[in-house]
Amino acid sequence: MTATPIYKRVLLKASGEALMGSQGFGIDVAVADRIASDIAEARALGVEVGVVVGGGNIFRGVAVASKGGDRVTGDHMGMLATVINALALATSLRKLDIDTVVLSAIAMPEICESFSQRATLYHLSLGRVVIFAGGTGNPFFTTDSAAALRAAEMGAEAIFKGTQVDGIYSADPKKDPTATRFDQLTHSEVLEKGLAVMDVAAVALARENSIPIIVFSIHEKGGFAEILTGGGRGTIVTDN
């Protein structure tokens, strides 16, 4: 018997670093394929899925600014990196016969469709996985903020933040073995404690729209579907 998912429509946020695997740069196709298989499992449960992927495996806009360059240009370069990642993930999903569309916040019609809320809801209604590329389309905003924004626009019931660890800790558990893991927090507690889950704007936007944030390890095969059905290991951020 197939387990019943807790949520019917969700937004998955995956970092660009997740796509690197053990490489130092770029995209590990095997990792992209594995993340795609996790998304396919969620679709098999009947869950509608939107995805925002970062670009840090290819380029970070702040890298330009830190060396005296123009932050806006740097952020535009970072947005292009997210488009590359979105196309790679879409390719992996299509290999699994999952109908997928990439919607970009920056118009590039020869490569992918342009984002609009109307297009998003249309594609979701047809059962497609929608991958949002190009961040918010604006400089000075992270892809975390893009995830919270797109989640609100698509009417997502939860944001799933796939990270390198299995939840939210008081400090980086890879650097601090005494770090405490949280099972549940409120959005306000995340902001007050300064926990590095998502940036402040993203958490505030999720709080304003009453969207829970579930933080889990993106490296656990099958973990996405497991948490969707009430199992697995992660931290939930909710005010409900």
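The values are calculated or read from the model by the stated rules, or taken from the named source; none is laboratory data. Not measured: the values here are computed from a predicted model. Counting neighbours? That spans all protein chains shown, and the Cβs are built from the backbone with ideal geometry, glycine included.
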Between a residue in region 97-121 that is under 22 Å from A40 (Cα atoms) and touching a residue at least 24 places away in the same chain (Cβ under 8 Å) and any residue that is of a type in the set (D, E, K, R) and part of a helix (DSSP H, G or I), which pairs come within a Cβ distance under 7 Å, given they are 6 or more apart or on different chains? I98/R43; T100/R94; T120/E153
Exactly one of A90, A179, A171 is within 17 Å of the chain's Cα centre (by Cα) and under 23 Å from H219 (Cβ atoms), and that residue is A90
I'd like to verify a number: residues in region 184-240 that are surrounded by 16 or more Cβ atoms within 10 Å (Cβ to Cβ), among the charged types (D, E, K, R) and more than 22 Å from L45 (Cα to Cα), how many? 1
If you scan region 148-183, which residues turn out to be small (G, A, S) and either buried (at least 16 other Cβ atoms within 10 Å of the Cβ) or touching a residue at least 40 places away in the same chain (Cβ under 8 Å) (or both)? A148, A151, A152, G155, A156, A158, G162, G167
So is R128 among the basic types (K, R) and surrounded by fewer than 23 Cβ atoms within 10 Å (Cβ to Cβ) or not? yes
State yes or no: is S145 polar (S, T, N, Q), at pLDDT 95 or above, buried (at least 17 other Cβ atoms within 10 Å of the Cβ) and farther than 21 Å from E48 by Cβ? yes
By residue number, the members of region 60-72 that are in contact with a Gly (Cβ under 8 Å, 6 or more places away or on another chain) and either more than 13 Å from G135 (Cα to Cα) or in contact (Cβ under 8 Å) with a residue 24 or more places away in the chain (or both) are G61, V62, A63, V64, A65, R71
When you go through (1) under 22 Å from L103 (Cβ atoms); (2) more than 12 Å from the chain's Cα centre (by Cα) one by one for A147, which number turns out not to apply? (2)
From the set of residues in region 33-48 that are more than 15 Å from the chain's Cα centre (by Cα), of a type in the set (A, V, I, L, M, F, W, C) and within 14 Å of I227 (Cβ to Cβ), which is surrounded by the fewest Cβ atoms within 10 Å (Cβ to Cβ)? L45
